[in-house]
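Undergrad: Okay, handing you the structure first.
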Amino acid sequence: KRLAILASGSGSNAEKIMEHFQTSAKAEVALVASNKADAYVLERAKKFEVPTFTFTRKEMDAGILLEKLQDENIDFVILAGFLLKIPVELTRAFPDRMVNIHPALLPKYGGKGMYGHFVHEAVKAAGEKETGITIHLVNENYDEGKIIFQAHTALNELDTPDSIAAKVHELEHKYFPKVIEGLLG
Ligand code: GRF
């Protein structure tokens, strides 16, 4: 199967996924696409010799990303720190074949404005005793797709948004590639 990763930022998850599928018989990462021309994820893709594609929000909304995914015969789309809202045509083109990772335990700390550091700040401000990751299918209502997998990590009063982020990243890196592999059937 041919996988595409969409990412807007650093791409540490994308890197783990590329690493994992280098030796998988099931699938290969065939494309890394980003809405940010200077996203570090693009450097990581080059290192793995994975083709890259960049696009603007306007272009995505006009269907150019969907066209690219179809031209590349992509079977499965992975959102790994992708910050734009996916157009409905795109989710419809990949029913049950698009997955996202959210850095908290949905349905808590999801929805508008809940991305990146804002999530960890909100978790800290609420004094949560734990947080975690959620891997879910992407449907037309972004964070409401079917939950596939969650993993938890304990927090204490000494945790800061930065240390929470580090704990969450550790879980993401550990589980995201394997969960994707499992979804590929
Ligand atoms: C991850 O925490 C992911 O859950 C979130 O954005 C972050 C991306 O990190 N939605 P990276 O770019 O993979 O390092």
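Undergrad: In what order do Met114, Met60, Met18 fall by count of nearby beta-carbon atoms within 10 Å, going from fewest to most?
TA: Placing the least packed residue first, the sequence is Met114, Met60, Met18.
Undergrad: If you don't mind, another one. Determine how many Å³ per residue the convex hull of the Cα atoms of the chain encloses.
TA: Spelled out: Cα convex hull of the chain, divided by residues, is 105 Å³.
Undergrad: Okay, moving on. I'd like the trypsin sites (Lys or Arg not before Pro) in segment 1-64 restricted to DSSP loop residues with at most 12 other Cβ atoms within 10 Å, sorted by number.
TA: Sparse-neighbourhood loop trypsin sites (Lys or Arg not before Pro): Lys26.
Undergrad: Find how much the distance from Gln70 to Glu181 grows on full extension, using 0.36 nm per residue of separation minus their present alpha carbon separation; answer in nm with one decimal.
TA: Roughly 37.9 nm would be gained on extension.
Undergrad: At a Förster radius of 30 Å, what calculated FRET efficiency corresponds to the Cβ-Cβ distance of Asp162 and Arg57, to the nearest 0.05?
TA: 0.55
Undergrad: Contour minus end-to-end for His152 and Arg2, with contour as 0.36 nm per residue of separation and end-to-end as the Cα-Cα distance?
TA: Stretched fully, the His152-Arg2 segment lengthens by 51.0 nm.
Values in this text are rule-based calculations from the coordinates and carry no lab data. Every value quoted in this text rests on a predicted model; they were computed, and no experiment measured them. Using ideal geometry, Cβ is built from the backbone for each residue, glycine included, and neighbour counts are taken over all protein chains shown.
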